[in-house]
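First the structure, in the form of structure tokens, and then the observations on it.
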Amino acid sequence: MSENVEKYIKRKVYKSTSSRIAQKFVDAGLEKIRACINCGTCTGSCPSGRRTAYRTRSAIRRALTGDESVLKDIDIWLCSTCYYCYERCPRDIPVTDMIIKLRNIAVEEGYILDSHFGLANDIFYATGHGVPATGENNKKWRDLRESYGLPPLPPTVHSYPEAVKECQELMNAVGFRKLLDNAAKLKEERAQAAKKDKEE
Amino acid sequence: MVKENTFAFFLGCLMPNRYPAIEKSTKFVMQKLGYEILDMERATCCPAPGVFRSFNKGDWMVAAARNLCIAEKLDSDILTVCNGCFGTLQEVNKHLKENKEHRELVNEKLKLIGNYEFRGTIDVRHVAEVLGYEVGPWGIEDVIIRKVNARAVIHYGCHFLKPTRIREIESSEGPTIIEEFVEALGIESVRFKEQLTCCGAGGGVKAYDGTASMRIFGEKMKNIDEVKPDFILDICPFCHLQYETGQDYLNKNKSCNYDYPVIHLSQLTAYCMGMDQEFIGLQYQLMGREYIFGGEEKEEEVI
């Protein structure tokens, strides 16, 4: 990239894209978003956007211009991270990474979907796997493994209970546990407030 | 120095816990080709590049680095059979090799649980790339005992090739690596409309909004049905799951009548290298249970 373009995207004052969320993008090393020309190639390439209300360009634009309602817009969870937008962006912006960052900010502020919370908390944190083979419900999968001459449980964390604890320690240390607890707490508070509003 | 012709086999979640036939086939293929396959003991979920990275990218990176360290201790490159695992591990491995600041941050956290340090000594490989480029169609021809004469549609999935500037395998808009490889196995690969788009499972979409996921998938299936292949060939257990459960869903809810067998590249290659059809495991899958590979045994050359 030419030096001037580099200077252009790193310059400090650019009012329309200097919202709180825009700053978070910049802090995460995604300052390249300032080179966006709003061409909409990301939206046009999106297989999810074609069949749902999710619009890539619009979601990022809203984030940059300070429309914080985008964080609670469940449409941002319809990106399947297929990377077409990232591949085709004429300005070389890592668009998918922007959506991921937007989701990271949403989770930080308590906008986590129930199904994802369950996956993170009850499955990944509890077992170390995203799709486990432990538990009574999964016996048929262990039997299937055995029928192929494989051990009923793979030699992953599944075979080493102490490794599950080790991973939980690691997830506690990096703040993942806290992130989930905080998201759950904020979510609960919002639900209570909404309930109160309704009663009044 | 990483050991030659040796792989630390990263299992992930879906393959060992739902499709053990793919695990069995991959081991069979790689060992027959002369590779040593090592278990990655105590490995976790990669963690998935869609849903887990969406919570916090930093945490995702640390959890992935722990898995990478397990392979580093074995002095072996990682072999994955899943686009998701490949996406996570390849990206984090490459990023931490290049970014000193993040490497130090990650190592600080890893130190807290004991003997883990990311050193950046290994590479992460996908079985499709090892078979397609390293073994190659030229190399597989000598070791297969039979060919499957069939028409198949190939589903590349997303994270195997994209983003191209990180994966650096080949163009994501017109790849041919798998087509060329399976041609040597007797497969005629059939192009179909929008072949390279997503199956609709990734990014946490399947977990959160099954209907949206099925809308993306339904169109995919419609396009596949137009060319009437013998089976669907994939290189990712998550796409595999989507094609299996998705067809079932469409049959039950959208009055479709699909029964296309879904076959992973490892399963197909294992069959051609002599593994019994019984171990390919179609009878335990949801779709195409009755399907039996056609084709013929390769004739011995008479000298």
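The values are calculated or read from the model by the stated rules, or taken from the named source; none is laboratory data. Not measured: the values here are computed from a predicted model. Positions of Cβ are generated from backbone atoms using ideal geometry, with glycine treated the same way; all protein chains shown enter the neighbour counts.
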Open item on the list: Looking at segment A:33-55 only, could you name the residues that are surrounded by 15 or more Cβ atoms within 10 Å (Cβ to Cβ) and β-branched (Val, Ile, Thr)?
Closed with: A:Ile33, A:Thr41, A:Thr43, A:Thr52
TODO: Kindly indicate the residue of segment B:18-54 that is small (Gly, Ala, Ser) and either without any contact (Cβ under 8 Å) to a residue 12 or more places away in the chain or at the interface with chain A (Cβ under 10 Å from one of its Cβ atoms) (or both) and also nearest to B:Met275 (Cα to Cα) among those meeting that condition.
DONE: B:Ser25
Task: Test result for B:Ala71, buried (at least 24 other Cβ atoms within 10 Å of the Cβ), closer than 15 Å to B:Val124 by Cα, more than 9 Å from every other protein chain (Cβ to nearest Cβ) and over 18 Å from the mean Cα position of the chain (by Cα) - done: yes
Open item on the list: Kindly evaluate A:Ala191 against the criterion of being loosely packed, with under 13 Cβ neighbours inside 10 Å, in a helix (DSSP H, G or I), free of Cβ contacts under 8 Å to residues at least 60 places away in the same chain and at negative phi.
Closed with: yes
Open item on the list: Being of a type in the set (Ser, Thr, Tyr), crowded, with 21+ Cβ neighbours inside 10 Å and out of contact with any strand residue (DSSP E or B) (no Cβ under 7 Å at 6 or more places or on another chain) is the requirement here; does B:Ser255 meet it?
Closed with: no
- [ ] For residues that are closer than 25 Å to B:Arg215 by Cβ, within 12 Å of chain B (Cβ to nearest Cβ) and acidic (Asp, Glu), scanning just segment A:56-93, find the one that is surrounded by the fewest Cβ atoms within 10 Å (Cβ to Cβ).
- [x] A:Asp75
Open item on the list: Being in contact (Cβ under 8 Å) with a residue 12 or more places away in the chain and either surrounded by fewer than 20 Cβ atoms within 10 Å (Cβ to Cβ) or within 11 Å of chain A (Cβ to nearest Cβ) (or both) narrows it down to one residue among B:Phe192, B:Phe181; which is it?
Closed with: B:Phe192
TODO: Of the numbered conditions (1) within 13 Å of chain B (Cβ to nearest Cβ); (2) over 26 Å from B:Arg167 (Cβ atoms); (3) of a type in the set (Val, Ile, Thr), A:Thr96 fails exactly one; give the number of that condition.
DONE: (2)
Open item on the list: Name the residue that is farthest from B:Ser25 (Cα to Cα), counting only residues in segment B:255-303 that are modelled with pLDDT of 95 or more and aromatic (Phe, Trp, Tyr).
Closed with: B:Tyr258
Open item on the list: What's the number of the only condition in (1) in contact (Cβ under 8 Å) with a residue 24 or more places away in the chain; (2) of a type outside the set (Phe, Trp, Tyr); (3) touching a Lys or Arg at 6+ places or on another chain (Cβ under 9 Å) that B:Gln283 fails to meet?
Closed with: (1)
TODO: Could you tell me whether any residue of segment B:35-50 is modelled with pLDDT of 95 or more, within 26 Å of A:Leu180 (Cβ to Cβ) and of a type in the set (S, T, N, Q)?
DONE: yes
- [ ] Return a yes/no flag: does segment B:65-77 have any residue that is among the β-branched types (Val, Ile, Thr) and closer than 24 Å to B:Lys206 by Cα.
- [x] no
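Restricting the search to segment A:111-141, which residues are among the basic types (Lys, Arg) and on the phi > 0 side of the Ramachandran plot?
Applying the first criterion (among the basic types (Lys, Arg)) to segment A:111-141 yields A:139-140.
Answer for segment A:111-141, where residues must be among the basic types (Lys, Arg) and on the phi > 0 side of the Ramachandran plot: there is none.
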- [ ] Can you tell me which residue within segment B:84-123, out of those that are more than 28 Å from B:Lys162 (Cβ to Cβ) and of a type in the set (A, V, I, L, M), is farthest from the chain's Cα centre (by Cα)?
- [x] B:Leu112
Task: Qualifying position, being part of a loop (DSSP other than H, G, I, E, B) and acidic (Asp, Glu), among B:Glu117, B:Glu129, B:Glu72, B:Glu104 - done: B:Glu117
- [ ] Just give me the residues in segment A:29-75 being in a helix (DSSP H, G or I), within 18 Å of A:Ile93 (Cα to Cα) and of a type in the set (A, V, I, L, M, F, W, C), in sequence order.
- [x] A:Ile33, A:Ala35, A:Cys42, A:Ala59, A:Ile60, A:Ala63, A:Leu64
- [ ] Go through segment B:134-172 and give me each residue that's part of a loop (DSSP other than H, G, I, E, B), without any contact (Cβ under 8 Å) to a residue 60 or more places away in the chain and farther than 18 Å from A:Ser80 by Cβ.
- [x] B:Glu141, B:Asp142, B:Glu168, B:Ile169, B:Glu170, B:Ser171
- [ ] Of the numbered conditions (1) more than 7 Å from chain B (Cβ to nearest Cβ); (2) not in a loop (DSSP other than H, G, I, E, B), A:Tyr111 fails exactly one; give the number of that condition.
- [x] (2)
